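Since the structure comes first, as structure tokens, the remarks are kept for the end.
We did not get these values from a lab; they are worked out from the coordinates using the rules stated. None of these values were measured; they are calculated from a predicted model. Because the Cβ atoms are built from the backbone with ideal geometry, glycine has one as well, and the counts that use them run over all protein chains shown.
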Amino acid sequence: MKGGVIAGLAAVRAAKAAAAPAGAVHEAGLTGEILFVTVPSEEDGGAGMLAAIRAGVSGNMAVIPEPSGLGIVTAHAGAITFRLTIIGMAAHASKRREGVSALDKLGVVMAALAADEAVRNAAETRPRMAALGLPYPTIIGKVSGGEWASTVIDRIVVEGRYGVRLGDRWPAAEIELRAVIATACAADPWLRDHPVLVEITGGRFSSSEIADDHPLPTGLARAVGDTLGERPAFLAEPYGADMRLLIQEGRTPTVIFGPGAPEVAHAPNEHVVLDEVLRCARALAVWLLREVGPA
């Protein structure tokens with residue numbers, strides 16, 4: 001994201017300089033306003049962007065320079081984060097049959113989530129989302145449990161992520177997730193009487209999209225093609241983003257266009273190629289000048 005911030009800042013500075021007459025102190029040539037905004041907490045659900053919108057940040061259109069490999073993201077899925085608490089019954093390891101392992105019951109829940117993931121992804125018919133292969137992944141990212149090596153585990157807490165399908169808001173995904181867990185519990189004699197506790201925690205990302213033929217993506221694509229020599233692809237992505245807040249809460253048409261590959265985000269070798277930052281800045285500067293530059 002630092003690469004995107006630098007690209008956006010450089011583009012604004014370049015547009016400002018290009019719009020000002022030679023020797024002028026002010027950018028008198030601009031026919032509209034350019035607003036450059038940086039916000040925190042995108043990963044936590046977009047608290048920073050929502051606060052900015054409530055403070056009056058909106059516009060005729062917006063570009064988020066999040067990593068997109070210089071493609072233009074016109075649609076993205078969403079995600080919710082959840083916590084599951086699975087209860088078993090402790091017993092001495094030598095008498096493990098007298099207890100009920102919460103780990104075994106986690107296996108029941110995991111199987112149900114895997115089956116649900118397969119069904120949800122197979123049902124996707126939009127070509128760009130389906131082409132992702134797994135547009136709505138479910139993952140357990142944290143597991144906590146056990147007190148002693150010689151005791152049957154009587155409580156496990158897991159935290160994970162559940163995808164929000166394109167076209168849905170996050171409450172729809174919560175309903176689906178709770179239904180999957182409830183069905184799994186109903187089919188298991190122990191879990192039927194000791195149901196899994198489901199809590200929705202952390203970020204709640206709804207999906208979002210903008211039409212490919214909207215003036216924002218078409219105009220940006222022309223600017224990118226004319227500047228960089230190759231027209232960018234329109235993309236759909238499986239992750240949540242602040243784009244949905246600008247569109248749904250700020251009533252601002254928005255796309256994602258930035259340097260860097262999403263595949264290396266959150267990875268040990270997270271990086272951005274500097275030349276891509278420069279190319280992004282050049283394309284954004286041209287687009288800005290075409291939108292609000294001298295007539």
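Points worth noting:
- The range 78-205: relative contact order as a whole-number percent, Cα under 8 Å and 6+ apart: 43
- Computed over the chain: relative contact order in percent, which uses C-alpha pairs under 8 Å that are six or more apart: 34
- If you take all other residues with their beta carbon under 13 Å from the beta carbon of Val57, and give Lys and Arg +1 and Asp and Glu -1, the sum is -1.
- Max mean-square fluctuation residue, GNM over the chain, Cα-Cα springs under 10 Å, options Gly163, Gly59, Gly46: Gly59
- With a cut-off of 14 Å between beta carbons, the residues surrounding Gly225 carry a summed charge of +3, where Lys and Arg count +1 and Asp and Glu -1.
- Overall Cα dimensions of the chain - principal axes, largest extent first, Å: 86, 37, 35
- In the elastic network of the chain, a GNM with C-alpha springs shorter than 10 Å, the most mobile of Leu278, Leu134, Leu197 is Leu197.
- Part-to-part distance (alpha-carbon centres) for the range 91-170 and the range 190-249, which is given in Å: 24
- Candidates Ala130, Ala283, Ala241: whichever shows maximal mean-square fluctuation once the chain is modelled as a Gaussian network with Cα springs under 10 Å: Ala130
- Ellipticity estimate at 222 nm from DSSP helix runs (n ≥ 4, -39,500 (n - 2.57)) divided over the chain, nearest 500: -12000 deg cm²/dmol
- Using the Stokes-Einstein relation with a Kirkwood hydrodynamic radius computed over Cα pairs, the translational diffusion coefficient of the range 78-205 at 10 °C and a viscosity of 1.306 mPa s comes to 102 µm²/s.
- Highest mean packing first, where packing is the average number of other Cβ atoms within 10 Å per residue, the peptides 169-175, 89-95, 260-266, 217-223 line up as 217-223, 169-175, 260-266, 89-95.
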